[in-house]
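The values are calculated or read from the model by the stated rules, or taken from the named source; none is laboratory data. Remember, predicted model here, so these are calculated numbers, not experimental data. Don't worry about glycine lacking a Cβ; one is built from the backbone with ideal geometry, like all the others, and counts go over all protein chains shown. These accessible areas exclude ligands, DNA and RNA; they are computed on the full protein's heavy atoms, side chains included. Shrake-Rupley method; radii C 1.70, N 1.55, O 1.52, S 1.80 Å.
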Amino acid sequence: MNTVFDCNIVALEKVKNRAGNLSAVQNLNNIPFEINRVYYIYDVPGGSDRGGHAHKELEQFVIAVSGAFDVLLDDGVNKTTIRLDRPNNALHIKKGIWRETRNFTSGCICMVIASHPYDPDDYINEYENFKLYRNQK
Ligand code: TYD
C-alpha cells in the first residue's frame with residue numbers, strides 16, 4: 001500500500017471488552033523510538049490543511065484517536081496519501097519525510113507521539129529546501 005520510503009502503519013493491539021476497546025503505545029515495546037513528547041491536534045476548522053514540512057531528526061507515530069484525516073507523505077521521489085481512520089493504527093513517519101495533513105473530519109483528534117522535544121530548528125518548512133536536503137543525502 002505504502003510506497004514512501006520507510007513509512008509504515010503499525011497495527012496496535014486492540015484490547016476488547018464489553019465496555020469498549022483500549023490500545024496502548026509503550027516505550028521500548030511496540031514503538032521503535034523513545035517517546036519524548038506527546039501532542040494532539042483538535043478543533044480543526046473544516047477545510048483546513050496542516051503540516052507542510054519535514055523534520056531533520058524527529059520521528060513520529062501519528063494516530064487518529066477519534067475521527068479521520070489524510071496524511072500525504074513525500075520522500076522526495078515517491079508520494080502517497082494515507083487515510084488514518086482507526087484508533088488502533090499508528091502511522092510511523094520517519095525523519096526526512098515531507099508531510100501534509102488534510103480532510104479532517106469534524107471533531108477529529110490527531111495524536112502524535114514524538115521522538116524528540118519540540119525544536120523549531122528541526123523543521124524544514126520550504127518544499128524547495130526539502131528537495132535540496134534530500135538531494136544532499
Ligand atoms: P506544527 O508542527 O506546524 O503543526 P502541524 O504540522 O500540525 O501543522 O505546529 C503548529 C504550531 O504549534 C507552531 O507554531 C509550533 C507549535 N508547536 C508547539 O508549540 N509545540 C509542539 O510540540 C508542536 C508540535 C508545535
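If you plug the beta carbon distance of D119 and T80 into 1/(1 + (r/R0)^6) with R0 = 22 Å, you get a FRET efficiency near 0.25. Convex hull volume per residue, computed on the Cα atoms of segment 2-137, equals 112 Å³.
Within the same chain, lysines fewer than 8 places from K14 are excluded, and of the rest, those with a Cα less than 28 Å from its Cα are K94, K95. Solvent-accessible surface of the chain, taken per residue with a 1.4 Å probe and all protein chains present: 59 Å².
Working with all protein chains in place, sort H116, H92, H53 by solvent-accessible area computed with a 1.4 Å probe, largest first.
Values: H116 80, H92 10, H53 30 Å².
Largest accessible area first, the list is H116, H53, H92.
The relative contact order of the chain, computed from alpha carbon pairs under 8 Å that lie at least 6 residues apart in sequence, is 34 percent.
Just N27, N88, N125 to compare: in a GNM of the chain, with alpha carbon springs under 10 Å, which one fluctuates most? Looking only at N27, N88, N125, the biggest GNM fluctuation is shown by N27.
State the percentage of accessible surface on the chain attributable to carbon and sulfur atoms; use a 1.4 Å probe and exclude ligands, DNA and RNA.
Details: 3780 of 8120 Å².
C and S fraction of accessible area: 46 percent.
FRET efficiency for R102 and Y133, Cβ-Cβ distance as r, R0 = 22 Å, nearest 0.05?
The pair R102/Y133 has a calculated efficiency of 0.45.
Against the main long axis of the alpha-carbon atoms of the chain, helix 127-136 sits at an angle near 80°.
Under the rule of -39500 (n - 2.57) per DSSP H run of 4 or more residues, summed and divided by the residues of the chain, what mean residue ellipticity at 222 nm is obtained, to the nearest 500 deg cm²/dmol?
-2000 deg cm²/dmol
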